[in-house]
Amino acid sequence: MIEALSLVPKAEAKQSMKDFKSDQEVRWCPGCGDYAILAAVQSFMPELGLARENVVFVSGIGCSSRFPYYMNTYGMHSIHGRAPAIATGLASSRRDLSVWVVTGDGDALSIGGNHLIHALRRNVNLKILLFNNRIYGLTKGQYSPTSEVGKITKSTPMGSLDAPFNPVSLAIGAEASFVARTVDSDRKHLQSVLRAAAEHSGTALVEIYQNCNIFNDGAFEVLKDRESALDAVIRLEHGEPIRFGAPAEDGLGSKGVVRDPATGDLKVIDVTVEGAAGVLVHDAHAASPTTAFALSRLADADTLHHTPIGVLRDVSRPVYDTEMAEQLEKAVVQQGKGDLASLLAGRDTWTVVG
Amino acid sequence: MTSQVSSSSSATAEPPAQEPSHPPVIGDVLGEQRKPVKETRRLDRVIIRFAGDSGDGMQLTGDRFTSETASFGNDLSTLPNFPAEIRAPAGTLPGVSSFQLHFADHDILTPGDAPDVLVAMNPAALKANIADLPRGAEIIVNTDEFTKRAMAKVGYAASPLDDGSLEAYAVHPVPLTTLTVEALKDSGLARKDAERAKNMFALGLLSWMYHRPTEGTESFLRKKFAKKPDIAEANVTAFRAGWNFGETTEDFAVNYEVQPASSAFPAGTYRNISGNLALAYGLVAAGQRSELPLFLGSYPITPASDILHELSRHKNFGVRTFQAEDEIAAIGAALGAAFGGSLALTTTSGPGVALKSETIGLAVSLELPLLIIDIQRGGPSTGLPTKTEQSDLLQAMYGRNGEAPVPVVAPCTPADCFDAALEAARIALTYRTPVMLLSDGYLANGSEPWRIPDVEDLPDLRVRFATAPNHTAADGSEEFWPYLRDPETLARPWAVPGTPGLEHRIGGIEKQDGTGNISYDPANHDFMTRTRQAKIDGVQVPDVVVDDPGGAARTLVIGWGSTYGPITAAVRRIRREGGSIAQAHLRHLNPFPANLGEVLRAYDKVVVPEMNLGQLAHLLRAKYLVDAHSYTQVTGLPFKSEQLAKALVEESAND
Ligand code: SF4
């Protein structure tokens, strides 16, 4: 049994993808990466075997935030940026629910940035799926807080000026206990990350690179094209040496991530037979977030070269809603179950006789 | 102030006080063994104001005197008044903190217009408050603080204690600091620590003057300083020394008695309660009576934080309190909890409401129960955080995008905050709507006696969650339509996650009537907008009651919220002097009571006193086309009833 979901009732019968499809017509642009993510989530949910009525999807505003309408679960399409706050109230008052937040780069990192970081530091039992397409889709193509510098859009005809966020770095900095990154088109990888997120107790942030074929087509092509992906994508597996690139003689990637003894930082090297032993072994459970953060910084914000995908960090720490429930129980033990009449009476009273 | 010295005076028969050769033993004085040797006069009511520096502990002193007074059985009403700064510069006018208490042997409504007694702990406190004192008032000043420097700081060129400027008052110069230090000379405390107990010396003196019981304060001090027994003892000693000082010194020849107000109160058990405490209790009670878990999402803000603090102490009632990262997250979390089936609320003040408005709009659209508690303060913007105002009425009514009607209720006295909370919860739960409760700083911090209700007499707020499909599709299958309404209340079903078969999605986009699916259909939007309005317009609220004893009044004074006390006091004053005036007070601001139009039209003149620039008057004029006259004040302080009475009489006379 997955501990993170131990309080969520299980489905009585075996479920299929169909059970999680709502009757609503999906209305994203044809070819949008959101379709692939939706299908991946719908086909993954039966694996958890949770009672459908105990699953809730909460979203904010943006293309991705239409997601809940298409899931045959409980759902709320809320307002811009606020989904993590709303989901926090729901998850911390209903521990029998599996609560998922669907958000985008604008929703989570611009208008809702504050709620995102606080949800992460609080470690409420929430799974946050951040669809990052590096653009504003719903408002028709302005640059977003993850767009590369110099992005030419309708609101930045001469190029955007502000440096982008790296959502994974941000999440690690915000004390996230679980941070992962995946790509819309790689269903197998996406589902493996969802699985890890679902099994995690506390807040999980999953950044999903999502193609907006209308306003930012091909933004992640370098990670998807077989050829270029070899050098661009660093697949992380807990306990495995961090190797990527065309296979070397030992069958693993010809490139590897090592710690630079001079600076303590991480760097990419061509792996030699002698050097293979020095390649960093990925430890998603490391107590210190330092290496996970350094890994997140390997990616080049412009070219996306050396983008790590997979679970960067997965550590266990106290979960907000669990502790909140424990305080309630403890209060009953210490003070006794609340008695309204004695609360209202208080200690200093006087009586007026009629 | 006319009625300070009234009733009979009952001097003791004993000869004039003999200077005791040694300070009296406390037991002698506090016990009943020895009769006080001073004259005791009976008063029907007294207004005391304690004023000092922010660091002088005036609020605590006032609270203690209030507790003693409450347990003695007087009716009372309090007005704390303190600076927004936690530690404003010492000895300055902006740093003055005061606590006014009005207590009586009969039923009273306000903390009083003008103090009969001022305790001034320093020159700043004297200067800041002297203008409020009527001639003949008593002033107890801490002479130790009247140094050249301290006086210069507040612009006294010469000492007001010597220059004759206080001739109109009965001044008692008391070296409070010196006496306190002297009383504590054996306590082993450093002089600085000893000096800090001077507020308890003052409290002891006042307790003697007004025959207040003392056990409560002594046990309070011992509990408060349980971890520092020497400080506890020092405070108790200072308190007793203050009492003894009153008893022995010649300067205080008279003490006073104010009989319990037993006849003013219906039979029952009473306690003293502040508005914020009553509100917090009302919310706990609403959770209990609805059998729903209470969830508070809140962000600290003056003057609402006390409710967050209070509710956080009652986890044993299943109350969840969530201190959010900001005002928006606070209401967001509450809304999420409401979706999950909690009785959810958020507490804030005006600036917080502004931040929450988008989420309130979402709650209007989602049609979920949610309480938004606004403890109003002076605005706009940061305004006057610690001062009272009623200027968020229009914000509560209209401060959202789109047509987003929200019921609005307002308590009228500190104790009434309890009932108002239950009423707000009733409306929210019955009609599945966010409800705005407008209290204010004056109600929040002010206190009065409260008859403790029987739990069984509180309203039954239990709700029914949806448990089964409510619609049959064309193909005969059973479906759940989240926006299929109760024909009577127009409320939609509340189907909480975890209920099998009722999975549904809701959101802020316009919904199709019934199914709740996204709909951009023009006719549907028109219908849904009107339906949401009709639901709020149809909220059942009791008729407004008019108090018009002779039935001959031509002027109606109508108010809402915390002006109830001052308006009622003003009305009584007018009637006492032979005038006739009708009074009505609104608990429900949206929707208005059904009979309100009729009531307003029955009078030649309608006057609306408000602590804003005429917001209710504006609503009344717009809705009922009546020529409502505004009488307004935005000083951050409640109306004074004498002044208000005068204004009402003038308004009635004008044609
Ligand atoms: S605008 Fe872009 S992100 Fe939005 S639905 Fe269309 S393709 Fe997808």
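Taking the accessible area of the stretch A:4-92, probe 1.4 Å, and keeping the other protein chains in place, the carbon and sulfur fraction comes to 53%. In the protein assembly as shown, a dipole from Cβ-located charges (positive for Lys and Arg, negative for Asp and Glu) runs towards its positive end, and of B:THR382, A:PRO261, A:LEU312 it is A:PRO261 whose Cα lies farthest in that direction. Placing +1 on the Cβ of every Lys and Arg and -1 on the Cβ of every Asp and Glu, with nothing else charged, gives chain A a dipole about its Cα centre of roughly 840 debye.
Bridges between two residues of chain A, per DSSP, are antiparallel at a rate of about 35%. Calculate how steeply helix B:327-339 sits against the longest principal axis of the alpha-carbon atoms of chain B, using the helix alpha-carbon long axis, and give the answer as 0 to 90 degrees to the nearest 10. Once rounded, one gets 50 degrees. Of B:GLU577, B:GLU403, the residue with the largest accessible area leads and the full order is B:GLU577, B:GLU403 (1.4 Å probe). With Cα atoms defining each centre, the stretch B:249-289 and the stretch A:230-262 are spaced 74 Å apart in the structure. Spin-label pair B:LYS646-B:ALA131: with each label point 7 Å from Cα along the Cα-Cβ axis, the two points sit 1.4 nm from one another. In chain B, the DSSP beta bridges split such that about 40 percent are antiparallel, to the nearest 5. Here the stretch B:422-496 and the stretch B:57-93 have alpha carbon centers that stand 38 Å from each other.
Could you check how much of the accessible area of the stretch B:546-653 is carbon and sulfur, as a whole percent, using a 1.4 Å probe? For the stretch B:546-653, the apolar C and S fraction of the accessible surface comes to 49 percent. Per-residue mean of foreign Cβ neighbours for B:259-265 is 2 (Cβ atoms of other chains, 10 Å radius). Accessible surface comparison of B:LEU613, A:LEU126, probe 1.4 Å, protein chains only, largest first: the order is B:LEU613, A:LEU126. Among the GluC sites (Glu not before Pro) in the stretch A:1-76, those placed in a DSSP loop whose Cβ has at most 13 other Cβ atoms within 10 Å are A:GLU12, A:GLU25. Other protein chain C-beta atoms within 10 Å of residue C-beta, averaged over B:629-642: 0.
Taking a straight Cα-Cα cut-off under 12 Å and skipping sequence neighbours fewer than 8 places away in the same chain, the aspartates and glutamates within cross-link reach of A:LYS10 are A:GLU47, A:GLU53, A:ASP96. Over 25 Å apart at the Cα level, from the set A:LYS337/B:LYS227; B:LYS185/B:LYS223; A:LYS154/B:LYS511; B:LYS387/B:LYS535; B:LYS192/B:LYS223; A:LYS21/B:LYS511, are A:LYS337/B:LYS227; A:LYS154/B:LYS511; B:LYS387/B:LYS535.
With every protein chain in place and a 1.4 angstrom probe, the accessible-area ranking of B:ASP513, B:ASP162, largest first, reads B:ASP162, B:ASP513.
A dipole drawn for chain B from +1 and -1 charges on Cβ atoms has a positive end, and of B:ALA264, B:VAL181, B:ILE360 the residue lying farthest that way is B:VAL181. Solvent-accessible surface of the protein assembly as shown, taken per residue with a 1.4 Å probe and all protein chains present: 40 Å². Accessible surface buried by the A/B pair amounts to about 5200 Å², both sides summed, 1.4 Å probe.
Around the Cα centre of chain B, unit charges on the Cβ atoms of Lys, Arg, Asp and Glu (plus for the first two, minus for the last two) sum to a dipole of about 700 debye.
Relative contact order for chain B: 11 percent, from Cα pairs under 8 Å spaced at least 6 residues apart, divided by residue count. Exposed loop sites here mean trypsin sites (Lys or Arg not before Pro) with a DSSP loop assignment and at most 16 other beta-carbon atoms within 10 Å; chain B contains its longest site-free run at B:314-461. For the stretch B:546-653, the square roots of the Cα gyration tensor eigenvalues, ordered a ≥ b ≥ c, give a/c of at least 1.5 with a/b no greater than b/c, which places it in the oblate category.
Placing pseudo-labels 7 Å out from each Cα toward the beta carbon at B:THR382 and B:VAL455 gives an inter-label distance of 4.4 nm. Burial annotation for the stretch B:273-289: residues with an accessible-area loss of at least 20 Å² between the isolated chain and the complete set of protein chains, computed on heavy atoms with a 1.4 Å probe, are B:TYR281, B:GLN288. To the nearest 10 degrees, how steeply does helix B:522-537 sit against the main Cα axis of chain B, on a 0 to 90 scale? Helix B:522-537 and the main axis of chain B meet at about 40 degrees. Helix B:564-576 and the longest principal axis of the Cα set of chain B meet at an angle near 60°.
Each residue, A:ALA286 and B:ALA622, gets one label point 7 Å from its Cα in the Cβ direction; the gap between the two is 6.1 nm. Electrostatic tally near B:THR472: other residues with Cβ closer than 10 Å to its Cβ, Lys and Arg +1, Asp and Glu -1, net -3.
Within the same chain, lysines fewer than 8 places from A:LYS267 are excluded, and of the rest, those with a Cα less than 21 Å from its Cα are A:LYS255. Put +1 on the Cβ of each Lys and Arg and -1 on the Cβ of each Asp and Glu in the stretch B:279-452; which of B:PHE322, B:PRO407, B:MET397 then has its Cα farthest toward the positive end of the dipole? About the Cα centre, the residue reaching furthest to the positive side is B:PHE322. Measuring with a 1.4 angstrom probe and ignoring ligands and nucleic acids, B:GLU358 comes out at about 80 Å² accessible.
For the stretch B:546-653, DSSP calls about 15 percent of its internal beta bridges antiparallel. A Cβ-based charge dipole, computed about the Cα centre of the stretch B:279-452 with Lys and Arg at +1 and Asp and Glu at -1, lands at about 340 debye.
The values are calculated or read from the model by the stated rules, or taken from the named source; none is laboratory data. Worth saying up front: this structure is predicted, and the values here are computed from it rather than measured. A quick note on method: Cβ atoms are made from the backbone with ideal geometry, for glycine too, and the neighbour counts reach across all protein chains shown. What goes into the accessible areas is simple: the full protein's heavy atoms, side chains included, and nothing from ligands, DNA or RNA. Shrake-Rupley method; radii C 1.70, N 1.55, O 1.52, S 1.80 Å.
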